[in-house]
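The structure under discussion appears below in the form of structure tokens.
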Amino acid sequence: MGLLSALTPALPLGRGHEGNLSRSRSGVVLAEATGLDGKPAAIPPPPPRGKWPAPRAPATSIPDPTGVGLGQLTCGTVDGMVAGFWQRSVYEVGGFVWRAGRLRVLPQNSRPAAINGSGVVVGDMVSHYTAQAFRWARGTHQPLGYLGGTDELGGRWSRAAGINARGQIVGTTSVRGGDRHAYIWANNAMTDLGTLGGLSSEAVAVNEAGQICGNSVTATDQSRAFVWSNARIYDLGTLGGSWSRAVGLNTKGQVVGASEMADGRSRAFLWERGALRDLGVLPGDQQSEAVGINDSGEILVRSIGAETTAFVWYRGRRSAVAGFGRRVDPGGINAQGYVCATALNTTGNDHAIRWRGGVTTDLGTLGGDYSYASAITAAATVLGSSAVAGAFVPQAVFWTL
């Protein structure tokens, strides 16, 4: 397993598109909404309001050629390239890139995490004890190495979390002495972003200006969200408690995440102009956490009470993401405000859904009982996984307009 395969037209032609900065629960950062030629991507019109459910979207599956791995799509581009992995065993991963029915398997247990508009894929090469960040572009697979480490088992380690249109990559690496620090990779070199005074930090997202958000331990051993800009790292503070955690940012430098309040509960936050704003919860819920933000400032939030639900926050207004009247676990938001999520239906099964402006689309499954949504593209293509009729192993799948 893990050998680089030839391009093979083994799968049917899909209509997938991709774009825009978005962050899912799995940490996936999607590419900005431009094609390979640098021109703006075609954006679908908004859906009609007041209709539910919307017509189901066509699904395209990408099964593991070995028939073994559980499939999951993680990221994609505006011109229809998607990437994901098959989990073949606890320590064996088969990463892949798919476009227009042609499949390429990535080498060395590579697990894609993010992709930019030029089709550059980043992620991790995983093993039993360690991981190493990689970059893949046009058939060339490049390990990114580490900024130090130790000689003990697992003492050298790195991961990639995001990439922007300029090809700058961010993530986390082991450093001299064995601690782990946030990094930026550019011009074929990895640079340590430092910490907020503690021993460790991580980078989770980068925007087109090269601003980076992440999390760091402070000198007093507290966890804080940070922004790195112009070679300086800034503590974003908290909503009154001891910790905060960033999950994403947009091109305006707005950062979202979650923070502890003075009463010990956690709330989603928006950081802008040097201040944190509490985004609240849906009625009856107690806690919340941000999932992603788009360049318009629309923020997808997970609201937590008796069940998990979701809402989109925009300019002080919360719009609940409708599922089937039960649990809704949000996955991501794109530039136009389309949301993907996984919702529990009335028969007790999880289904991937797409939502915007009060319109919910049940994306269904590949014939099995359940499906999951992990990310959404600029063209409202939903990426995820689905059970298959008569098969034990779920497959990677995307749903298109």
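FYI, it's all coordinate maths here, none of it is from the lab. All of these numbers come straight from a predicted model, not from anything done at the bench. We place every Cβ from the backbone using ideal geometry, glycine too, and count neighbours over all the protein chains shown.
In this Cβ point-charge picture (+1 for Lys and Arg, -1 for Asp and Glu), the chain has a dipole of about 800 debye about its Cα centre. Return the whole-Å distance between the Cα centroid of segment 144-180 and the Cα centroid of segment 102-136. Computed from Cα coordinates, the inter-centre distance equals 14 Å.
Report the gain in length on full extension from Ala262 to Tyr314: 0.36 nm times residue separation, minus Cα-Cα distance, nm rounded to one decimal. Display every interim value, and only then the final one.
Values: separation 52, 0.36 × 52 = 18.72 nm, distance 2.46 nm.
This chain segment gains 16.3 nm when fully extended.
Peptides 244-252, 128-136 ordered by packing proxy, namely the average of other Cβ atoms within 10 Å per residue, highest first: 244-252, 128-136.
Other residues with beta-carbon under 9 Å from the beta-carbon of Leu344 carry, at +1 per Lys or Arg and -1 per Asp or Glu, a net charge of -1.
For segment 236-361, with only Lys/Arg (+1) and Asp/Glu (-1) charged at the beta-carbon, what is the dipole magnitude about the Cα centre, in debye rounded to 20? Walk me through the numbers on the way to the answer.
On the way: 14 positive and 11 negative charges, 57 e Å.
For segment 236-361, the charge dipole is close to 280 debye.
The peptide list 202-211, 257-266, put in order of mean Cβ contacts within 10 Å with the highest first, becomes 202-211, 257-266. Using a 7 Å offset from the Cα along the Cα-to-Cβ direction at both Ala306 and His141, what is the distance between the two label points in nm, to one decimal? In this crude spin-label approximation the distance works out to 5.0 nm. Shown for segment 188-346 is the translational diffusion coefficient from the Stokes-Einstein equation, using the Kirkwood radius over Cα pairs, a temperature of 20 °C and a viscosity of 1.002 mPa s: 134 µm²/s.
Rank by packing, highest mean first: peptides 69-75, 143-149, 361-367, with packing defined as the count of other Cβ atoms within 10 Å averaged across residues.
Details: 69-75: 24.4, 143-149: 17.7, 361-367: 19.9.
The most tightly packed comes first, giving 69-75, 361-367, 143-149.
On the basis of the beta-carbon distance and an R0 of 41 Å, Asp151 and Thr220 show a calculated FRET efficiency of 0.85. Per residue, the average separation of C-alpha pairs within less than 8 Å and at least 6 apart gives the chain a relative contact order of 16 percent.
Positive end of the dipole of the chain (Cβ unit charges, origin at the Cα centre): among Ala343, Phe134, Thr195, the Cα lying farthest that way belongs to Ala343.
With K and R counted +1 and D and E -1, the other residues having a Cβ less than 11 Å from that of Tyr183 yield a net charge of 0. Rounded, prolate or oblate: which one fits the chain, using the alpha carbon gyration tensor with axes a ≥ b ≥ c (rounded when a/c is under 1.5, else prolate when a/b beats b/c, else oblate)? Oblate.
More than 18 angstrom separation, counting every C-alpha pair in segment 144-242; what % is that?
44
Projected label points at Thr346 and His128, each 7 Å from Cα along the beta carbon direction, are separated by 5.1 nanometres.
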